[in-house]
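Everything on this sheet refers to the single structure shown next.
The values are calculated or read from the model by the stated rules, or taken from the named source; none is laboratory data. Computed from a predicted structure; not experimentally measured. Cβ sites come from the backbone with ideal geometry, for glycine too, and all protein chains shown count toward neighbours.
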Amino acid sequence: MQWDDLRYVLALHRSGTLVGAGRLLDVNTSTVGRRIQALERDLGTRLFDRMAGGYHPTRAARRVT
């Protein structure tokens, strides 16, 4: 994992939405989604539960942030 990956996790954790994380990072919403999915695939664990109200960090994401 690289520092840049952690920025995406932290932004999504703080904002709770892809739109909010994109605004915090000044990137497109789809970029946030792709980066989180790639990181979850690389780590072999889910970092966020996708719910109707937004993204909620799992235990793994809370350990990282």
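If residue 41 passes every condition in (1) within 10 Å of the chain's Cα centre (by Cα); (2) farther than 14 Å from residue 6 by Cα; (3) not aliphatic (A, V, I, L, M) but one, which one does it miss?
Only one criterion is unmet by residue 41, namely (1).
Applying the selection to region 1-11, what residues are within 15 Å of residue 60 (Cβ to Cβ) and surrounded by 13 or more Cβ atoms within 10 Å (Cβ to Cβ)?
5, 6, 8, 9, 10
Tally the residues that are polar (S, T, N, Q) and in contact (Cβ under 8 Å) with a residue 24 or more places away in the chain, restricting the search to region 18-65.
1
Is one or more of the residues making up region 49-57 of a type in the set (Gly, Ala, Ser) and either surrounded by 13 or more Cβ atoms within 10 Å (Cβ to Cβ) or in contact with an Asp or Glu (Cβ under 7 Å, 6 or more places away or on another chain) (or both)?
Yes, region 49-57 has at least one match.
Considering only region 26-42, how many residues are part of a helix (DSSP H, G or I), surrounded by 15 or more Cβ atoms within 10 Å (Cβ to Cβ) and either out of contact with any helix residue (DSSP H, G or I) (no Cβ under 7 Å at 6 or more places or on another chain) or of a type in the set (Asp, Glu) (or both)?
1
Go through 23, 46, 14 for me and flag whichever is basic (Lys, Arg), modelled with pLDDT of 95 or more, surrounded by fewer than 17 Cβ atoms within 10 Å (Cβ to Cβ) and in a loop (DSSP other than H, G, I, E, B).
Of the residues listed, the single one that is basic (Lys, Arg), modelled with pLDDT of 95 or more, surrounded by fewer than 17 Cβ atoms within 10 Å (Cβ to Cβ) and in a loop (DSSP other than H, G, I, E, B) is 46.
Considering region 1-17 alone, what residues qualify as being in contact (Cβ under 8 Å) with a residue 40 or more places away in the chain and in contact with a helix residue (DSSP H, G or I) (Cβ under 9 Å, 6 or more places away or on another chain)?
Result: 1, 6, 9, 10, 12, 13.
If I ask for residues that are under 15 Å from residue 6 (Cβ atoms) and either assigned to a strand (DSSP E or B) or modelled with pLDDT of 95 or more (or both), which ones from region 49-65 would you list?
Selection gives 57 alone.
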